Structure formats: structure tokens, C-alpha cells
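These notes are about the structure you will find just below.
The values are calculated or read from the model by the stated rules, or taken from the named source; none is laboratory data. Predicted model, so just to flag it, every value in this text is computed and none were measured. Using ideal geometry, Cβ is built from the backbone for each residue, glycine included, and neighbour counts are taken over all protein chains shown.
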Amino acid sequence: MKIAVLSTNPKLYSTRRLIEAGKQRGHEMLVLDHKRCYMNITSHRPEIHYKGVSIEDVDAIIPRIGASVSFYGAAVVRQFEMMGVYSVNESVAITRSRDKLRASQLMARKGIGLPVTGFANSPDDTEDLLSFVGGAPVVIKLLEGTQGVGVVLAETKKAAESVIEAFRGLKANFMVQEFIKEAGGADIRCLVIGDKVVASMKRQAKGGEFRSNLHRGGTATLIKITPEERSTAVRSAKVMGLNVAGVDLLRSNHGPVVMEVNSSPGLEGIEKATSKDVADMIIQFIEKNAKQGKTSTRGQG
């Protein structure tokens, strides 16, 4: 098979590992910087060009699209779908999971455990907004943030009001969530492929920090998850429509709650913490599922 990894940097650990795994299994692998792809959008023969050459005969793509280029990256994935190329994660699923508010609403509709979450626009809603997430301390998140950026813990009502006022002044979209104190600065990253959790790790925030992201100095260790946590992770990925996803859970007093569903989960932390070859599992999933024109949306979403 000819498999393309959509990534802006071929030197990134996750990109390198996917290329290595694919080559080891006998596939032709290439890296395409989706920001440098450009499209000929026609009804009879849609095309993608890259560095002056038409990209053809690709059997499958693995999107590794950062949050900062979600719009254009999803458009490139959609174009591949229109060309009949199989995508591990489809464009609609990627954009759905990237919108934190939309993702929360979809998961809530399916009865998946979430922190109590509020969203508002008008400044005079602040007090009531804080009250229905249980009051301070609260976590305030920019909807477009990633890797812990744009996430603030407001420990008092006054601090929460100040942060909300600042975000509103920037005309930024944000949501307010209850702070799960009992999680103790730790979360669980479950790596879902298809309908299985293939690897899971505990991420612990460094001292004085509540965000457990590895990019922010958190540490990763192997963890055994419960059947309920496993089911929650798989259902969350399915609601988003993602075949490969990193689902971040917190252990709360009322069971596992989902913090985020990531459509381009990093492989370095979880492969090193669990000693599992996740990249190889992703390639195996493609081998079993990739078929010409096999997308549920065909670029419609």
C-alpha cells in the first residue's frame, strides 16, 4: 500500500514512528506537509498537488493535524476523501473533536461522563454561570486551546470573574468547568484504535501545576484502567467518529469523566510509558480497513 502521513514536520516522533512502522510492514510511506498541499476542486476529477506534482495512487492517509491548522488541514483531508482515499480519521470527525464545546455537547447527549460544564456569552451571566458548575475553584478553557494552553484554574470567585472578564475582552470563546480536585493533578490518556483501548497511561502534573500535559512537565506511567474507564474511552471516540483517538479521563467521585478527545494523539509518551508499538497497531488497522472510497462522509461534512 501507499500510505501518506499528513504532518508539517517529518522529524516529529509520532511521524517518524508511523513511517518506520509502515516501512517495516512493507508499505510505501511518504510525508506530506498539509499546509503546502493545494487543491483543484472540480466535480469530475478532484486533485491535490504538492510541490508542483499531482498526488496520485495513495491508498490511505494518516492525518497528524495540529490545532493551529485545523481548518486547512481538514480541508485537505476532505479533498483526499473526495478522491476516494481512505483516511484513518475523517475530516468531519477531526473538526468535531477539535471544537471542545461541540464535542462536549455530543458526548453529553450520549450519556458520557463529563465535568459539569458551562458556556455563556453575556457578561451579566457570570455569577449564574459559576453557580451551576458548583462555584470556585473552576477551570476556564479557551475552546481553541491545546496541550494545556489557554486553560486556567481560578481558585476563588473573584479570580474566576477576572479571568472570564479578560477572555471576554479578547472576544475569545471559552467554557467553564468544575474542578475535579480528587483527581490530584492526574489524568489518564487512553489510546483508542477502532473499538479497543490498546494502551493507557497515567499523566501526573508536576508540583504546583494542575495540568498534566507532558508538554508542561507532566510525567507518564503505566496504569491499569477499569472496565468502566475502558468503555468510556471507546464510546467517546465512537461519538466523535474517530478510529484513532487519545481520550483523556479524570477519576472523579462520580466515575470517569472525559476531559478531551484528541484526533492526533502523540505517540512518544504512551509508547515509552507502556512499551507498546502503537504505531504498528495503527498501520495494522489501516491494512484491515482501508478500501478505495471507504469513507462514511465522502467529503460531504
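Any residue in the stretch 1-19 that is among the aromatic types (Phe, Trp, Tyr), at pLDDT 95 or above and more than 22 Å from Lys238 (Cβ to Cβ)?
Within the stretch 1-19, one or more residues are among the aromatic types (Phe, Trp, Tyr), at pLDDT 95 or above and more than 22 Å from Lys238 (Cβ to Cβ).
Which one of these is at pLDDT 85 or above, among the aliphatic types (A, V, I, L, M) and surrounded by fewer than 16 Cβ atoms within 10 Å (Cβ to Cβ): Ala154, Ala186, Ala237, Ala166?
Testing whether each residue is at pLDDT 85 or above, among the aliphatic types (A, V, I, L, M) and surrounded by fewer than 16 Cβ atoms within 10 Å (Cβ to Cβ) leaves just Ala166.
Here are the criteria: (1) out of contact with any Lys or Arg (no Cβ under 8 Å at 6 or more places or on another chain); (2) of a type in the set (S, T, N, Q); (3) at pLDDT 95 or above. Tell me which single one Thr295 does not satisfy.
Condition not satisfied by Thr295: (3).
Which one of these is under 22 Å from the mean Cα position of the chain (by Cα) and farther than 29 Å from Lys276 by Cβ: Arg64, Arg16, Arg78, Arg45?
Arg78
Do the conditions hold for Glu20, that is, is it on the phi < 0 side of the Ramachandran plot, touching a residue at least 40 places away in the same chain (Cβ under 8 Å) and surrounded by fewer than 19 Cβ atoms within 10 Å (Cβ to Cβ)?
Numbers: on the phi < 0 side of the Ramachandran plot: yes; touching a residue at least 40 places away in the same chain (Cβ under 8 Å): yes; surrounded by fewer than 19 Cβ atoms within 10 Å (Cβ to Cβ): yes.
Answer is yes for this residue.
Can you find even one residue in the stretch 78-100 that is modelled with pLDDT under 90 and touching a Gly at 6+ places or on another chain (Cβ under 9 Å)?
Among the residues of the stretch 78-100, at least one is modelled with pLDDT under 90 and touching a Gly at 6+ places or on another chain (Cβ under 9 Å), which makes the answer yes.
Please return the ranges of strands (runs of 3 or more DSSP E) entirely within the stretch 1-109 where 1 or more residues are under 18 Å from Met240 (Cα atoms).
Of the strands (runs of 3 or more DSSP E) lying wholly inside the stretch 1-109, those with at least 1 residues that are under 18 Å from Met240 (Cα atoms) span 60-63.
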